[in-house]
1. Could the peptides 214-225, 183-194 be put in order, highest first, of the mean number of other beta-carbon atoms found within 10 Å of their residues?
2. What ranking do 152-164, 169-181 get when scored by the average of other Cβ atoms within 10 Å per residue, highest first?
Amino acid sequence: MSMAANRPCGFDLNMKKRIYIKAKSKKYLPALRKYMKYVFDLEFDVLARKKILDDEFILIDEDTLIDEEYMSFFQKCSNLKVIILGLWRNSTEAYVNLLDLSHLKQNIQSTLNRKKINMAPLLLVKDVEQRIKSLFEPHGEKSLYDLLNKTGQAILSGTDLLKKGGLNREDYKESYLSPGLENWRAFKKRLRKYEIYLKVCGFKDETAKINQNIRNFQRYIYKLININEDQIKKMSETEIKLSKDYLEQIDKYLTEIKQRIDSIYESL
């Protein structure tokens, strides 16, 4: 039995649990490997996705660029515990400062003890932070909210005017439906690009609700595209109101995500 095995570490990791590491810089790995073995009697391997089970820990160097492939992998492993290692930020739920030597054992021990680790601090890991924030920032002339609002203005206003006899079908299509569809496609494309980052950072529920409302509004759009002018005029006010509600729900959940992101960023 090793000396480390005789030292109580304050938590119980069964033999099935293993620790893996993904690091861009290998400079501190030998020292970290020795520390984990000596203090906790734990060993870790270089990250290999085919080896990882749902109940295992991954240590991530803060300088590692987390690409979409790994993001997707982390998101699928719902119970995977990701710990960020770094040299500059105060230790938090998912972040361990390796230079805080007086509290290093306590911080690592506390992190390993957690049944579930909040992934939201991953938002603040350089590359990921910028990608998430880019979701809400303007790309060219229109922000994500601009695209959603312009979709609603065009689709809903145009339908209302057509129902009241203020437009014919061709004018409705050219001035309202087509621009609305263009903004709607741009909105969905932008959201899909960043969806994996939202999911892996703890916004699975909000993302699922957004996607459900997107599907509901998409069905409404399909109907507008495929029915004639008379059929649009006969559409019930309840159906049109529902379509507006879908967009408002999307806006609501996006705002909740943005507020939580801003709150996390400001508190660390």
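1. Highest to lowest by the protection proxy: 183-194, 214-225.
2. Most protected by this proxy first, the peptides run 152-164, 169-181.
Read-outs throughout are calculated quantities, based only on the coordinates presented, and are distinct from any laboratory measurement. Since the model is a prediction, treat every value here as computed from it, not as a measurement. Methodologically, a virtual Cβ is constructed for each residue, glycine included, from the backbone with ideal geometry; neighbour enumeration extends over all protein chains shown.
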